[in-house]
1. So GLU227 ticks every box in (1) acidic (Asp, Glu); (2) open to solvent by less than 60 Å² (accessible area, probe 1.4 Å); (3) within 17 Å of LEU154 (Cβ to Cβ) but one. Which box is left unticked?
2. Identify the single condition in (1) modelled with pLDDT under 95; (2) within 19 Å of ARG251 (Cβ to Cβ); (3) open to solvent by less than 20 Å² (accessible area, probe 1.4 Å); (4) among the small types (Gly, Ala, Ser) that GLY216 does not satisfy, given that it satisfies every other one.
3. When you go through ALA322, ALA306, ALA237 one by one, which is the residue that is at positive phi and hydrophobic (A, V, I, L, M, F, W, C)?
4. If you check every pair at least six apart or on different chains, which have Cβ atoms under 6 Å apart with a residue in the stretch 179-204 that is at positive phi first and a residue that is open to solvent by less than 60 Å² (accessible area, probe 1.4 Å) and in a helix (DSSP H, G or I) second?
5. Scanning for something among the hydroxyl-bearing types (Ser, Thr, Tyr), within 30 Å of GLN194 (Cβ to Cβ), open to solvent by less than 60 Å² (accessible area, probe 1.4 Å) and out of contact with any Leu (no Cβ under 7 Å at 6 or more places or on another chain), does the stretch 262-285 turn up at least one residue?
6. Would you kindly identify the helices (runs of 4 or more DSSP H) lying entirely within the stretch 103-206 that contain at least 1 residues that are open to solvent by less than 20 Å² (accessible area, probe 1.4 Å), within 30 Å of ASP275 (Cβ to Cβ) and at pLDDT below 95?
7. Identify all residues within the stretch 232-279 that are closer than 18 Å to ARG291 by Cβ, modelled with pLDDT under 95 and not in a helix (DSSP H, G or I); write none if there are none.
Amino acid sequence: IDMFFSGGGGGGGGADFKPPHAVTHSASHGQRKTSTGQESEASSSDESDSSSSESSSEDEGEDLDLEAAARAIQQQEEERRQRRLAQEGSGSAASVGSSGGYLGSFAGATGFKSAAFGSSVGSFLKKSAAAAIQFAGGVGAVPSRQERGVLGRLATMLNEPFQEDRPEHLQFLKDCWKGAFPAEAFCAEGPQWQILGFDSDNPARSSLLDNAGVLGLWCLAYHLEHEYGRSQPVSKASIDFAPSTEHAVKRLTRLFGITDRSFEQSSRPYWAIFDSGAGAFCEVVSFTLQRANAMRGGSKSSSDVAAIDTAVQQVESVLEQAPRSIDAFYQAARSLALL
């Protein structure tokens, strides 16, 4: 086995391979002199027959050795090619797995225990190909260190209570106000907050902040800033913003494994959307709210919760397309006729 995998170490290992030695032939098999210088016809005849048999046997042995050597060299070339392909990424790594059958056949042809050897080599290469795909961030990849950091920050914000004396928390409230009422001066308490669906004039005491933390408030501010305010009045929205955002955040944090921090060991095909930062989560929440608002169609007869649940199912269908960025997420949504 070492002979066939001698090139598996560093680069150019195959160049060190030496084929089995070739059997040399003597030109004097047919004749031999006696001690008196006369030829012995009987001896010559017997020797000729013996030489022919030996020559035939040696020729057959040489052919087998050369065939084995040729196959070994061919296999080493194939292995070097596959190693180069594996280094080019997950797509090339997949092709490595397909060579398991070839190696199994080759092992049988060269005299090894073909069933066991071919099966084990094929299994090894397929597993290696899958590992290479996972390492490259393809289907089934766990989040990278950077992505885990972003998801961890979201988990912290989900459980972080609102504190009015913290400037960054108060800024989220101001951003909500600016997004919803851009022409009005900020007011920490007032009836405008109930227009956004808060259950009192004081948003700091709302269920949104109790159940979704400052993450929920940040997502609401993001949605209002990008979808309402200057572009359209919040009074024309079909959903109540605060409770809808609360429910969307709760559903999506469970979907992404943020609630229980199960994301750390979860293999998902879409973790790369978080390479751009925590704002990617706000984008997904905003998309969910847009879809829920569209499904309500301006009617208050159906439940906001039911609309959000349906919208989250649509988000899942988009994520199944394995988007690797937020732009790719929206492209996948368009391909599914969700935009």
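1. The single condition GLU227 does not satisfy is (3).
2. (1)
3. Going through ALA322, ALA306, ALA237 in turn, the sole match is ALA322.
4. GLY197/PHE241; GLY197/ALA242; GLY197/PRO243
5. no
6. 114-135, 167-180
7. Within the stretch 232-279, GLN232, ALA237, SER238, ILE239, ASP240 meet the criteria.
The values are calculated or read from the model by the stated rules, or taken from the named source; none is laboratory data. From a predicted model like this one, the values you see are computed outputs, not experimental measurements. Methodologically, a virtual Cβ is constructed for each residue, glycine included, from the backbone with ideal geometry; neighbour enumeration extends over all protein chains shown. The protein model used for the area step is the full one, side chains on, heavy atoms only, and it has no ligands, DNA or RNA in it. Shrake-Rupley method; radii C 1.70, N 1.55, O 1.52, S 1.80 Å.
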